[in-house]
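A short worksheet on the structure shown next.
The values are calculated or read from the model by the stated rules, or taken from the named source; none is laboratory data. These numbers were taken from a predicted model, which means no experiment stands behind them. Note that each Cβ is placed from the backbone with ideal geometry, even for glycine, and that neighbours are counted across all protein chains shown.
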Amino acid sequence: MKLNYRLAFFFLFAFSVFVSDRAGAFAQSQTKLTRVLEPLAAKLEPTRKAVYKSVGGRDLELHIFEPEGHDPATDRRPCFLIIHGGGWTGGEPRKFYTIAAHYAKKGMFAISLQYRLINAKAGVTVFDCVKDGRSAVRWLRVHARTLGIDPKRIAVCGGSAGGHVALATAVFEKSPDVDESTDDLSVSCVPDLLIPLNPVIDTSADGYGQRKIGERWRALSPLHHVKRGLPPMLICHSTGDTVTPYVGAARFVELSKSAGNDCQIFTFEGGRHGWFIFNLDHYAALMHVMDSFLKEQDFLHK
């Protein structure tokens, strides 16, 4: 019943935001559309920032949006960590301030993550992006009591390359390749819930990222590391995405279900890469879908 209800709701709701822009796939690389979330994010500021890691001579911060009336001494709020995209080479935490603020208003302890971006001169690679995401989840668990969050209700969400970093917190086994040497590896970096949005999920030549990662691309390809025991997951992906092809997400879901995981997919028909950042109606629809999933998993009040 749980699966059928969820899919029925998603597809019933999706009719209001149906698009058919397959003919416009070429425009994904030719036209710069207005990113409607940017002016909204520009008006927002986090409650505070906290350093979760110091590496390479710089501090990396969590941009925290605390819910109204939050009392760390007595609260144990569910936590929502959102990770921005940008091909591992661009973007910033403000990119998803709107999503963080949305969940803070709904009572969650919400955070937008700052992580290292690819920098050849500084020797920063995609492996380091992954390390930062895993470090952030561990830091949250270690400091859960002082933050006033529930260490067993940490949801991680991310878009595009940020979706890859989100998946990387769960799918990869512990190793020096993906874990910072200063991390306490006895603390789990696996979140309790995952919501990747148009994620980089296949880093082979059929997906995205092989050139940026290099010959060791398979080590960072979530599709090639599906295993049993992954946290409940909702992947949101658009069929018209020519950057991170939908077929990779669909295959990941198929393999994950076969492994016994609770892995669902919300399919947005048509839609370019990151479809929801270009249209406020589509954004509102996606947030509604995410809200429903979080309620179903007891991260939000029903």
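Can we say Phe127 is touching a Pro at 6+ places or on another chain (Cβ under 6 Å) and aromatic (Phe, Trp, Tyr)?
Here the answer is no, as Phe127 does not meet what is asked.
Hey, which of the helices (runs of 4 or more DSSP H) in region 1-118, taking only ones fully inside, have at least 3 residues that are among the hydrophobic types (A, V, I, L, M, F, W, C), modelled with pLDDT of 95 or more and at negative phi?
In region 1-118, 97-105 are the helices (runs of 4 or more DSSP H) which contain 3 or more residues that are among the hydrophobic types (A, V, I, L, M, F, W, C), modelled with pLDDT of 95 or more and at negative phi.
Just to be sure I understand, how many residues within region 175-210 are farther than 20 Å from Ser54 by Cα, hydrophobic (A, V, I, L, M, F, W, C) and touching a residue at least 40 places away in the same chain (Cβ under 8 Å)?
Here the count works out to 7.
Among the residues that make up region 115-126, is at least one of them touching a Lys or Arg at 6+ places or on another chain (Cβ under 7 Å) and surrounded by fewer than 24 Cβ atoms within 10 Å (Cβ to Cβ)?
yes
Looking at region 78-86, can you tell me whether even one residue there is farther than 27 Å from Thr244 by Cβ and not polar (S, T, N, Q)?
yes
Could you go through region 162-174 and let me know if any residue there is out of contact with any helix residue (DSSP H, G or I) (no Cβ under 7 Å at 6 or more places or on another chain), more than 24 Å from Leu223 (Cβ to Cβ), surrounded by fewer than 21 Cβ atoms within 10 Å (Cβ to Cβ) and free of Cβ contacts under 8 Å to residues at least 40 places away in the same chain.
Looking through region 162-174, none of the residues is out of contact with any helix residue (DSSP H, G or I) (no Cβ under 7 Å at 6 or more places or on another chain), more than 24 Å from Leu223 (Cβ to Cβ), surrounded by fewer than 21 Cβ atoms within 10 Å (Cβ to Cβ) and free of Cβ contacts under 8 Å to residues at least 40 places away in the same chain.
Would you call Ile82 in contact with a Ser or Thr (Cβ under 7 Å, 6 or more places away or on another chain) and surrounded by 16 or more Cβ atoms within 10 Å (Cβ to Cβ)?
Here the answer is yes, as Ile82 does meet what is asked.
Only residues that are more than 15 Å from Trp88 (Cβ to Cβ) and small (Gly, Ala, Ser): list them for region 150-183, please.
Ala155, Ala170, Ser175, Ser181
For residues that are touching a residue at least 12 places away in the same chain (Cβ under 8 Å) and surrounded by fewer than 24 Cβ atoms within 10 Å (Cβ to Cβ), scanning just region 148-161, find the one that is nearest to Ala73 (Cα to Cα).
For region 148-161, the residue satisfying everything is Gly148.
Taking the options Val178, Val187, Val200, Val226, name whichever one is farther than 27 Å from Asn119 by Cβ, buried (at least 18 other Cβ atoms within 10 Å of the Cβ) and either acidic (Asp, Glu) or at pLDDT 95 or above (or both).
Val226
List, please: which pairs have Cβ atoms under 6 Å, are six or more places apart or on different chains, and start with a residue in region 232-256 that is touching a residue at least 40 places away in the same chain (Cβ under 8 Å) and end with one that is in a loop (DSSP other than H, G, I, E, B) and of a type in the set (A, V, I, L, M, F, W, C)?
Partner pairs satisfying both residue conditions: Gly240/Ala25; Thr242/Ala25; Thr244/Val200; Gly248/Ile201; Ala249/Ile201; Phe252/Ile201.
Looking at the structure I just gave you, is Leu234 in contact with a helix residue (DSSP H, G or I) (Cβ under 8 Å, 6 or more places away or on another chain), surrounded by fewer than 20 Cβ atoms within 10 Å (Cβ to Cβ), of a type in the set (A, V, I, L, M, F, W, C) and over 10 Å from Val171 (Cα atoms)?
Taking the combined requirement at face value, the residue does not satisfy it.
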